[in-house]
1. Can you pull the mean other chain C-beta count within 10 Å for peptide A:76-82?
2. For B:42-49, what's the mean count of beta carbons from other chains sitting within 10 Å of each residue's beta carbon?
3. In Å² (nearest 100), what accessible area is buried between A and B, both sides summed, heavy protein atoms only, 1.4 Å probe?
4. Using 0.36 nm per residue of separation minus the Cα-Cα distance, give me the extension gain between residue B:344 and residue B:115 in nm, one decimal.
5. First check a/c for the protein assembly as shown, with a ≥ b ≥ c the square roots of the eigenvalues of its C-alpha gyration tensor; if it is under 1.5, answer rounded, and if not, answer prolate when a/b is larger than b/c or oblate otherwise.
6. How many partner chain Cβ atoms sit within 10 Å of a residue's Cβ in peptide A:324-335, on average, as a whole number?
7. Leaving ligands, DNA and RNA out of it, report the carbon-plus-sulfur percent of the accessible area of chain B at a 1.4 Å probe.
8. Within the range B:176-209, list the residues whose amide N lies under 18 Å from a label point set 7 Å along Cα→Cβ of residue B:305.
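The values are calculated or read from the model by the stated rules, or taken from the named source; none is laboratory data. None of the values given here were measured: they were computed from a predicted structure. FYI the Cβ positions are ideal-geometry reconstructions off the backbone, even for glycines, and counts take in every protein chain you see. Heavy atoms of the whole protein, side chains included, go into the accessibility calculation; ligands, DNA and RNA do not. Shrake-Rupley method; radii C 1.70, N 1.55, O 1.52, S 1.80 Å.
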Amino acid sequence: MMSLDISADNGTMTIGEKLGQISWSLIFLITLVASIGFAMLYSAANGNIDPWASRQMMRFGVGLAMMIVIALVDIRVWMKLSYPLYGIVLVLLIGVDLFGNVGKGAQRWIDLGFVQLQPSEMMKVTLVMVLARYFHGATLEDTGRIPFLFVPLALVVAPVGLVLAQPNLGTSLMLILASGSMFFLSGVRLWKFGLVIGAVLIAVPLSWQFLLHDYQRDRVETFLDPDSDPLGTGYHITQSKIAFGSGGLTGKGFLQGTQSHLNFLPEKQTDFIFTMLAEEFGLVGGLVFLFLYCLLLLYGFVIASRCRHQYGRLLVLGLTVNLFLYLFINVAMIMGLIPVVGVPLPLISYGGTATLAVMVGFGLILSAHVHRDVRMSRRGLGDL
Amino acid sequence: MSAFDRDAERQRMLSRRTLVLGGLKGAAVSALVARLYYLQIVESDRYTTLAEDNRISLRLIAPPRGQILDRFGVPLAVNEQNFSVVLVSERAGDVQQILDEVGRLVPLTEADERRIQRDIQRSRVFTPITLKENLTWDQVSAVEVNLPDLPGVSIDVGQVRSYPFGEALAHVLGYVGAPNEKDVQGVSDPLLSLPGFRIGKGGVERQFDQALRGTAGNRQLEVNAVGRVIRELSRENGQPGRQTVLTLDAKLQHYMHQRLSAEESGAAVVIDVNTGGVQGLCSTPSFDPNQFAMGIGYDAYQALLNDERTPLINKAIAGQYPPGSTFKMMTALAALESGIVNAEHRVFCSGHMELGSHRFHCWRRGGHGTMDMVGALMHSCDVYFYDLAQRIGMDRIADMARRFGLGSRVGLELPGERPGLIPDPQWKRTTLKKPWHPGETLIASMGQGYVLSTPLQLAVMTARLASGRAVQPHLAKSIEGEFQEQTEWPLIGVKPENLATVLKGMNGVSNVPGGTGYKSRITVPGMELAGKSGSAQVRRISMAERSSGVRKNEDLPWRERDHALFVAYAPVHAPKYACAVFVEHGGSGGATAAPIARDILLECQMLDAARHSVAQQPQAAAPAGSMGQGTPSTTVPVSGNE
């Protein structure tokens, strides 16, 4: 009977209707933010479209197409695929740990020949999907029961462990924080968080001693005292701060950033691209950029609030948290607020998988928006 | 609770917690904005400065060192181009292949190749590496011709100090070298830290180093993180070193060096009697300052250092020797000025004189017979001066000697000048803690014993005798825009008739048959010299030796022979040049030093005469040339029919 109810106003939308439902303003906003990225990549290459801007534009084009395709697919299909996709990515993660290429002191990639796959980035999406799927049918009574939480905890711990083993501190952190938000949004009691945080506080000194790699320890130590090692790890942050500060209110002008163009700024096309933006366009440019990014986040909140099914709400909010974490960790890191963790700024930083993962995420958000009114059973899978 | 209620409850929880989460995000973004504000507004100035420090590299531009010229503008110390072949390894492609090819044009030793490889390892790929310095012209052109086939290779032009007169001026000019720790200490001139920068290490180069050095210019360069120069932002040229003109006459100097080199070791000084300008000052044996400017090897330096003839020491100013009989003018003048004796004072010389239990000998064993003052100077009779000394006492002699520039540094602008010594009873009491013996006055009266002087001091003494003025010797004629020599000197304050008596004695030495310098007189009319010989004993002659016959200088080892000295001025009727010649262990002053002094003084005057006649010709032509032009301010062109 219930399945009948669902079928009453489910996926009867034609492709044309769905296209009409897509939030084109969000896509415009995404394109706008990405275009700022192209401009910065153009500047990073000293006013050349190659090698970065051109390839980034290509990827963005592919990503845009993927995003729209994903948006048109019924949200219930994605819900149904949550577990399988999670499983596939988890297997890929195990794969990189076993066979992945070594890059930047971390095993992260699977080289498929035509593209280098970064499963940890994909996991950021699928973990949100699978948790949204799990909590979709959970009542507050369910979430109140501790045994009920064992499964999602296992779903989180498995990828986090694998990513930590790569070792990739930044992504592990993001996975934990995003999952934590999902638990929080699903109504898990605060004292349980307190318990976990307490356990972490005990575990941190132990893992410092036994789990963290030397370079990770260095990064934390350098963060605590960046001047102790001005030409080592701290050099990057010091130079980044100089770039910010010398940008001043209005910046040095497009293509005029000295810190970036004279190579004092490391990795300016990836992790430190916002530094470059702030150097060339100053506080004004930095604030405009942050505002646009916050608008993206706001879209997430609005879409979530208009969603009539728990899966969609949790999915959108989880993905929004992800986006926020990218932004915050990256920007706080390059401004010297938190230790150096290698997190790119999606849509802006040069790099394939992060951009694609974020655009897949936006595809899902858009799908949740297009299919905001579909009916789903508590158990989840209504038929389509 | 119905399913609907449960759902509603769950959704309220979700909304609440979404708001909480949103609030947290908002707080986090606010923190980012605050940080952005702090970095870009509050700390902006500080970071802007740091960014500029990063970006801009100040490079010093070494100013060219000032030239040193002689009084006629002949260059004595110049900067020469020094060619080296350099390689920028990033442009070379195959470095080894390029090295092999360069090696065919410019021989590279194995040590060179090792050093080059090491330098390449240590330097950035865009830093030029010196392959070989001091190329010959042939090598430079060989490399130049092949440059198209040698990517990354270029010829670098540096500057090296060059001394065209080499050894002849080594002691006066000194040389340049890299600053050592002592030079750098407490000095703020940034040039000193510039690699390859050279400072004056001796002589005029050191004395006038500040003027010759100039001030540093600088270039503001934009550099990237690895130090590669992107572009030049600004350039501020420094002040080139000032041109320094010396009172020297290079031709005379060259001649003096040649002439003096006939002897093993010695020094000679020529001073302009009226101005005090040093016309020539040399010390032999000498060394090649060019070797020092290029960087002298250890062995070569040790050889110079250990040479018994002390080539590194400027004997003209730093050698202190007993002046011997050249000092007798001081004794004579002191006696005349004291009023105790006059020029007619006569003494009988029997070859020796008794004082207390000691017997003081005259250089002429048989004695000179009866002498007056002029005769005593002419024949250099020791006994006569013993008599004077005994009558007037040491203080008068010492006082006169000091007035004529002996016993203290005369203050020539050269580092390392030594003061010599004019002893007196008080000096002996305070320094040696011993009483003065009357016999020591006798010894001092003929420039022996404690008396020490430098050849420069003797030249100054002679110049002051010849001019009657307290002439001050100097080397700097002018330093571009900063200094001009002083040429007017006050009278020395000796009665003219007394001075005339002494000068008459000196004239007798050279121009009257029987004078100790008669054999070395100048026979060219109008150029005659007047002088005084001196032979200074450097060892005691024992009684036993005296009785068994004094050995001749030629029979003694070099180190025990007498020093030969001669002081003179010329021309005798209108003195212009004063000269002092010192030959270390040269034997008799009259025989060894006098001919040198004569040749030098003759050369001075001959050079003058030659220049005078050359100067006559253009002077004759000049009025003819200037006539047609009218006053210099007239700009109207000369018309054709005029």
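1. The shielding value for this peptide is 0.
2. Mean partner-chain Cβ count within 10 Å for B:42-49: 5.
3. 3900 Å²
4. Details: separation 229, 0.36 × 229 = 82.44 nm, distance 7.90 nm.
That pair, residue B:344 and residue B:115, stretches by 74.5 nm at full extension.
5. Prolate.
6. Partner Cβ neighbours, averaged per residue: 3.
7. Working: 15590 of 30310 Å².
Here carbon and sulfur together make up 51 percent of the probe-accessible area.
8. Only B:176-183, B:201-202 pass the distance filter.
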